[in-house]
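These notes are about the structure you will find just below.
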Amino acid sequence: MPQHSSGAQRASIRRIRSLLTTVLAALFLATAMTATAPDAQAATRKVVIVVGPVGGATASYRSSANKLADQARSYGASVTKVYTPNATWSRVYEAAKGANLLIYLGHGNGWPSPHAPFDVKAKDGMGLNRTADSGNSNTKYYGEYYMAKLALAENAVVVLNRLCYASGNNEWGAGNPTKSTAVKRVDNYGYGFFRAGAKAVYASGITGVGYVLLGLFQASSGATLGDIFWTDPSRTETYKFAFTSVRTPGATAGMDPYARGRYYRSVIGFLGTTVGDWRAGG
């Protein structure tokens with residue numbers, strides 16, 4: 001068979017596989033939108049939403065967080081909000097005890113980055129208020145060392161939204177990272193949260209994360225945390241790939257760049273964990 005025909009055949013197979021993946025994701029999403037978690041069970045789910053100081057963008061970040069809070073409450077969940085200028089480490093630590101779902105919006109400080117050296121106390125965590133009631137620009141980074149101290153519920157899920165680094169991306173205006181750098185960033189950002197009991201860490205740098213809540217609260221109990229990632233309306237799948245974590249044994253990751261080098265969507269964790277497992281968590 002001519003070489004170009006073989007290549008065309010492989011391309012056709014890839015298109016078919018991509019179409020099947022999209023169809024399956026759409027069916028999953030349709031199921032998620034019609035299935036309803038029992039109200040009594042949803043009421044036991046604790047959702048904690050943290051907004052760190054982001055200067056002039058703070059109002060926008062709070063608005064995004066409030067929409068997620070409203071969505072979680074619409075499912076019957078208990079919601080605790082810890083927002084700048086009072087999002088200090090001590091307050092976040094107390095609020096996050098027993099959280100089934102922890103959502104953070106704010107600045108990210110990941111590794112690898114141009115800001116050497118690597119510091120477990122400052123990298124791969126949250127940018128929070130250094131002191132309370134001191135405005136929305138007094139940022140102190142609390143890294144994986146601190147994230148590992150969070151007493152999350154069993155089978156907890158973490159969502160990181162509008163951060164640099166967490167999904168593999170660079171800071172704004174810094175160009176695009178290499179694939180290997182993006183992979184290391186996603187792997188590193190999950191590490192501290194897994195030490196705290198999380199089963200998955202979803203990161204979205206520029207798009208919404210409401211799909212994660214929809215899946216956790218409304219999907220069938222047999223759906224997995226990995227399945228949820230592919231229900232995101234912002235998914236593209238053209239450049240998707242997976243990898244096995246180096247830092248966290250047993251964890252795997254999925255990344256879905258919307259273009260080459262544009263690493264703005266990722267998930268890492270124990271992705272075979274089911275929605276039912278999450279709902280049954282402590």
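The values are calculated or read from the model by the stated rules, or taken from the named source; none is laboratory data. Because the structure is predicted, anything quoted here is derived from the model rather than measured. Backbone-built Cβ (ideal geometry, glycine too); neighbour counts: all protein chains shown. Side chains are part of the model used for accessible areas, which takes the heavy atoms of the whole protein and leaves out ligands, DNA and RNA. Shrake-Rupley method; radii C 1.70, N 1.55, O 1.52, S 1.80 Å.
Before moving on, here are some points about what is shown:
- This model, with +1 at the C-beta of Lys and Arg and -1 at the C-beta of Asp and Glu, gives the chain a dipole about its Cα centre of some 400 debye.
- Fraction of the pair-distance distribution of region 105-198 above 23 Å, Cα-Cα pairs, percent: 23
- For the chain, DSSP calls about 45 percent of its internal beta bridges antiparallel.
- Calculated log₁₀ intensity ratio I(q)/I(0) where the Debye formula runs over C-alpha points of region 226-275, q = 0.15 Å⁻¹: -0.40
- Axial C-alpha extent at least 20 Å, average Kyte-Doolittle at least -0.5 - helices from the chain (DSSP): 3-34
- Only Lys, Arg (+1) and Asp, Glu (-1) charged, at Cβ; region 92-158 dipole about Cα centre in debye: 120
- Karplus-derived 3J(HN,Hα), 6.51/-1.76/1.60, for each residue of region 229-245, Hz, glycine and proline x: 4, 8, 9, 4, x, 8, 5, 10, 6, 5, 10, 5, 7, 10, 8, 9, 4
- Each Lys and Arg contributes +1 and each Asp and Glu -1, all at the Cβ; summed about the Cα centre of region 195-282, the dipole is approximately 260 debye.
- For the chain, the equivalent ellipsoid built from the Cα gyration tensor has semi-axes of 30, 24, 16 Å, listed from largest to smallest.
- Set K179/K240; K97/K140; K97/K184 screened for pairs whose C-alpha atoms are more than 23 Å apart: K97/K184
- For the listed peptides 261-270, 70-79, a ranking on the average number of other beta carbons within 10 Å per residue, highest first, reads 261-270, 70-79.
- Expressed as a whole percent, the accessible surface of region 163-257 that belongs to carbon and sulfur atoms is 53, based on a 1.4 Å probe.
- In the full protein context, region 126-282 carries 36 Å² of accessible surface per residue, based on a 1.4 Å probe and ignoring ligands, DNA and RNA.
- Projecting the Cα atoms of N100, G261, V158 onto the charge dipole of the chain, computed from C-beta unit charges around the Cα centre, puts G261 farthest toward the positive end.
- Extension gain for S60-T178 works out to 39.5 nm (0.36 nm per residue, less the C-alpha to C-alpha distance).
- Here's the picture: a label point sits 7 Å out from the Cα of Q41 along the beta-carbon direction, and within region 254-272 the residues with their amide nitrogen under 18 Å of it are 272.
- Secondary-structure-derived ellipticity at 222 nm for the chain, considering helices only, amounts to -11000 deg cm²/dmol, per-run term -39500 (n - 2.57) for DSSP H runs with n ≥ 4.
- Full-stretch length increase - A259, A132 - with 0.36 nm per residue and alpha-carbon distance subtracted: 41.7 nm
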